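A short write-up of the structure that comes next.
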Amino acid sequence: MSFYSTIRRQCYSFSYGRKIRSQRSILSLGIILFICIFLIIRRKETCRRKYVFFSFFIKNNDFNLVDYYRSRLFCFVLTSQGNLESRARAVYETWGHRCGRFVFITRLNSSKSYTIFDNEKNFLEKNELPIQYIPTLPNENYSNLPDKTRASLLFFNEYYPNYDWYLKADDDTYIILENLLRFLVSTIK
């Protein structure tokens, strides 16, 4: 009788072990699949193509809203003529061109020629900076900064009234514009 019971125990342990191994592999496969789906959903912020492909996982499909409201954002940067070729060019090449409309505000006092941005010209040449001429702009002093901001806002309210938001920045500021637009879109909903 002990021979039969020994054989029975070995068969039972063999089938039990095989069942446990298959359950472990199914569980491992499920965990790996869950991690992959989690990583794909998490990377939606960095890869727009994957975001569109996996948009059925995500309820907030706000890329279209962000692109729409990008055109409703007017960005202007206060700078001085001495910083046009260094700081201002860096601002325009990094985050400035991603605004709906972007201009620099400065008072040009030298003989060095700069292209003044007029409202009729939609596209700039390769090395041009969008500089807006404001006739009521005060002198380039730190003490005149509030007056310079006030004159700029009054000018933009009169000549560019079709924007929802106006962003004032300085030439030593870096803005992650996509995060700002997502925040602005979230305030509308």
Does any residue of segment 162-172 turn out to be out of contact with any Asp or Glu (no Cβ under 6 Å at 6 or more places or on another chain), hydroxyl-bearing (S, T, Y) and within 16 Å of G100 (Cα to Cα)?
yes
Can you list the helices (runs of 4 or more DSSP H) found entirely within segment 1-94 that contain at least 3 residues being among the small types (G, A, S), modelled with pLDDT under 75 and more than 31 Å from the chain's Cα centre (by Cα)?
2-42
Just to be sure I understand the filter: pairs with C-beta atoms under 7 Å, separated by 6 or more residues or on different chains, first member in segment 74-99 and in contact (Cβ under 8 Å) with a residue 12 or more places away in the chain and farther than 10 Å from D171 by Cβ, second member among the hydroxyl-bearing types (S, T, Y) and surrounded by 20 or more Cβ atoms within 10 Å (Cβ to Cβ). Which pairs pass?
F76/S152; Q81/T106
Identify the residue in segment 65-79 that is within 16 Å of P161 (Cα to Cα) and not hydrophobic (A, V, I, L, M, F, W, C) and, among all such residues, is surrounded by the fewest Cβ atoms within 10 Å (Cβ to Cβ).
S71
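The values are calculated or read from the model by the stated rules, or taken from the named source; none is laboratory data. None of the values given here were measured: they were computed from a predicted structure. No Cβ is skipped: glycine too gets one built from the backbone with ideal geometry, and neighbour counts run over all protein chains shown.
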